[in-house]
1. Determine whether segment 45-62 contains at least one residue that is among the β-branched types (Val, Ile, Thr), touching a residue at least 60 places away in the same chain (Cβ under 8 Å) and within 27 Å of Leu134 (Cβ to Cβ).
2. Please give the number of the condition Glu158 fails out of (1) over 26 Å from Ile76 (Cβ atoms); (2) modelled with pLDDT under 95.
3. Can you pull out the residues in segment 136-151 that are aliphatic (A, V, I, L, M) and out of contact with any Leu (no Cβ under 7 Å at 6 or more places or on another chain)?
4. Take segment 147-170 and flag every residue that is over 18 Å from Ile83 (Cα atoms) and within 18 Å of the chain's Cα centre (by Cα).
5. Give the number of residues within segment 133-161 that are farther than 15 Å from Met39 by Cβ and of a type in the set (A, V, I, L, M, F, W, C).
Amino acid sequence: MSKIWKPEDAHQREPTAVPNVAKGPRYGVVDTTFSTVDMGAIAVSTLREIGLAPNRIVRRTVPGFKDLAVAAKQMIERDQCAIVLACGMPGPEPIDKQCGHEASLAIGQAQLMTSTHILEVFVHMDEARTDAELVQIATNRVAGHAINAYWLLERPQELVSRAGTGQRQG
């Protein structure tokens with residue numbers, strides 16, 4: 001896909017007016033330069049719309065999705081993040097899918113090593129037929145995962161009330 005989405009594009013959602021919550025757990029967002037959509041910006045924007053203060057959000061960007069696990073682990077251990085969103089975009093080729101699977105295994109290992117949730121937010125480039133559709137899928141998936149991260153940490157009853165409803169994570 002050739003479309004490179006940046007926060008200044010028309011696809012960015014306008015933040016809603018909510019009170020800033022300056023105290024509480026820190027959220028990590030790690031994304032990649034390989035993605036053709038700025039997934040990290042979507043995550044940060046969504047967390048800000050929920051009402052999290054900027055000092056509660058840590059963002060890092062790494063070259064590719066195989067770098068996500070170590071960056072997420074560092075955010076937990078060094079930056080004291082209570083949860084991390086790991087955003088990546090595997091390409092359409094079989095080797096990309098294999099590398100995405102390996103990255104997923106590493107993210108799972110990092111979760112077990114730190115006893116901390118790392119929400120994997122992968123959008124495969126071949127999930128969409130057009131650039132606009134890819135942006136829409138990425139936006140919806142990342143925003144959904146960001147909301148779930150908030151619910152996991154601060155409003156777990158929101159997830160309990162959705163148990164058994166067949167809802168996708170993001």
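1. Residues of segment 45-62 that are among the β-branched types (Val, Ile, Thr), as a first pass: 46, 50, 57-58, 61-62.
Imposing the further condition that a residue be touching a residue at least 60 places away in the same chain (Cβ under 8 Å) reduces the set to 46, 50.
If we keep only those that are within 27 Å of Leu134 (Cβ to Cβ) as well, we get 46, 50.
Within segment 45-62, one or more residues are among the β-branched types (Val, Ile, Thr), touching a residue at least 60 places away in the same chain (Cβ under 8 Å) and within 27 Å of Leu134 (Cβ to Cβ).
2. (1)
3. To start, the set of residues in segment 136-151 that are aliphatic (A, V, I, L, M) comprises 137-138, 142-143, 146-147, 149.
Listed by number, the residues that qualify are Ile137, Ala138, Val142, Ala143, Ile147.
4. In the first step, residues of segment 147-170 are kept if they are over 18 Å from Ile83 (Cα atoms); the result is 160-168.
Listed by number, the residues that qualify are Gln167, Arg168.
5. The number of residues fulfilling the criteria is 5.
The values are calculated or read from the model by the stated rules, or taken from the named source; none is laboratory data. As the structure is a computational prediction, the values presented were derived from the model and not from experiment. Methodologically, a virtual Cβ is constructed for each residue, glycine included, from the backbone with ideal geometry; neighbour enumeration extends over all protein chains shown.
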